1. If you scan the stretch 311-338, which residues turn out to be within 16 Å of the ligand (Cβ to nearest atom), under 22 Å from Trp356 (Cβ atoms) and out of contact with any strand residue (DSSP E or B) (no Cβ under 7 Å at 6 or more places or on another chain)?
2. Every residue in the stretch 368-382 that is more than 23 Å from the chain's Cα centre (by Cα) and not in a loop (DSSP other than H, G, I, E, B), please.
3. Only residues that are at positive phi and in a strand (DSSP E or B): list them for the stretch 312-367, please.
4. Which of the numbered conditions does Leu290 fail, given that it passes all the others? Conditions: (1) within 16 Å of the ligand (Cβ to nearest atom); (2) farther than 22 Å from Glu193 by Cβ; (3) aliphatic (A, V, I, L, M).
5. Give all pairs with beta carbons closer than 8 Å in which a residue from the stretch 224-251 that is touching a residue at least 40 places away in the same chain (Cβ under 8 Å) meets a residue that is outside any helix (DSSP H, G or I) and basic (Lys, Arg); count only pairs at least 6 apart in sequence or on separate chains.
6. Looking only at strands (runs of 3 or more DSSP E) that fall completely inside the stretch 19-72, which ones have 2 or more residues that are of a type in the set (Lys, Arg) and in contact (Cβ under 8 Å) with a residue 40 or more places away in the chain?
7. What is the one condition in (1) over 27 Å from Asp155 (Cα atoms); (2) of a type outside the set (S, T, N, Q); (3) surrounded by fewer than 16 Cβ atoms within 10 Å (Cβ to Cβ) that Arg200 does not satisfy?
8. For residues that are of a type outside the set (Phe, Trp, Tyr), assigned to a loop (DSSP other than H, G, I, E, B) and under 15 Å from Pro421 (Cβ atoms), scanning just the stretch 453-505, find the one that is farthest from the ligand (Cβ to nearest atom).
Amino acid sequence: MDLELIPAPLRADGREGRGFVLDPSTTLAAAPGTGTTERWLRVTLGAAFGLSLAPGPEDAPGALVLRTDGSLAPEGYRLTTRPDGGVVLTGGSPAGVFRGAQTLRQLLGPGAFRRAPVGEAGAHGFGPVDIEDAPRFGWRGLMLDVARHFMPKDDVLRYLDLIAAHKLNVFHFHLSDDQGWRVEIKRYPRLTEVGAWRPRTKYGHRASELWDETPHGGYYTQDDIREIVAYAAARHIRVVPEIDIPGHSQAAISAYPELGNTDVVDTSALGVWDNWGVTPNVLAPTDHVLRFYEGVFEELLALFPPETSPFIHVGGDECPKDQWKQSPTAQARIKELGLADEDELQSWFIRHFDTWLTARGRRLIGWDEILEGGLAPGAAVSSWRGYAGGIAAAEAGHDVVMCPEQQVYLDHRQHGGPDEPMPIGYVRTLEDVYRFEPVPPTLSEEAAEHVLGAQANVWTEVMQNRSRVDYQVFPRLAAFAEVAWSALPAPDERDFAAFEHRMTTHYARLDALGVGYRPPSGPLPWQQRPGVLGRPIEGAPPNV
Ligand code: ACM
């Protein structure tokens, strides 16, 4: 019997008949170490079905039992119904129990994804099951760019719920860019006073003639960040904060002009960028800039504790070297340090923060440009410009997260038709994402061990609000989640038809959650953006 679970579990045996019965008499027995799931079940299932799930002993008839068993994989779990109408959920760790609870919720039907009961009160449940499950990868991530368009805190919390519902466990929080600085840094108030908003914004691709003249902005206070981090931790999601350096820094430079290459441009005339692309305005390679960002990272480390944020992302992508080439200060620095060129200067910048973070018990991760000019010793790499950077880094013994833009950039359009809103990039359909393989076959066995996992990235230049983000992210995040969690065969051998069949049920779950996904038949009228220019990638494969 197909239990219609997404992501698909490792092994599942399901039968028709009486298995678990959830009704007002159901009690919850939560063993030590299962408290996060206990609370989560009361808040979600309790609300969805109007039940209190009162505490009770494990042997109470029909009990919902939560346990841990260290012999299972840490994020693995076993879910088994009992003949008395109860169910036992055993996780390899508290995180495993939580992942199993997501399966339990799916088995209870789409109604379990609502926040209050619909229809008759009464019994809910499912047939006898015995499920054994564990993830393929330990890093199953989603990156949200909250810099290009700010995502209010409540929407971030909602995305953490959506991530959790798909058994993902990493939230990469892109907090700074040319177009906005989104985290309060107490010692540098202008980062948010000045850097967190812009007076107008390009509407559509940068080639579009349109502007949105509404001021745009927002930022998270330090308490907002603490709340987000705690909310993620309660869902066993790690948070990877990103402050992008030395490129993508115009918002910071507009707040503190001395951070830029003042001997090349009048940085005091720069504003937070209102357009898209890559600006030449990058950080100056000075001691002042290093000290400034040490200050930023000091506050960041206090906000993102090591247990849930072992990795700190420093960006490192798309840093044009033109200003450094023209800057006497940058050239003097190159000479003083005995460096070959500007690439090595960027590498020196990143190495500084690798050493700095390592000394504080954290690990640096950056986009694959950090390979250029030599990779810092402890650094891990987010491989975005295809697989090549990830392969080079993994073969050199560095940890890698595979997030190639050709496969898993969810800002890229998901259909080649004329109705896709603000279409940019490659056409990457639900099926394309389903056939994404994080471990390239050319990788040696030893290097493959360095692939920590995979991540889907969501850049928000053409996503002004949560509905636009929902449209781009769903349903493709469901396919991505199965790639990252389930033990799928090689891409050509994956049963996409069976996945699509399970998606029928999953759409009902997404409907209950209020997710504005792209329907299989195409965008609804209000999801279209007629007349707003996008830009397909030139030279992309023939399906573009
Ligand atoms: C990136 O897409 N610039 C990492």
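1. Within the stretch 311-338, Cys319 is the sole residue that qualifies.
2. Selection gives nothing.
3. Gly315
4. (1)
5. What qualifies is Ala232/Arg238.
6. Strands (runs of 3 or more DSSP E) meeting the threshold: none at all.
7. With (1) over 27 Å from Asp155 (Cα atoms); (2) of a type outside the set (S, T, N, Q); (3) surrounded by fewer than 16 Cβ atoms within 10 Å (Cβ to Cβ) applied to Arg200, the lone miss is (1).
8. Asn465
The values are calculated or read from the model by the stated rules, or taken from the named source; none is laboratory data. Since the model is a prediction, treat every value here as computed from it, not as a measurement. FYI the Cβ positions are ideal-geometry reconstructions off the backbone, even for glycines, and counts take in every protein chain you see.
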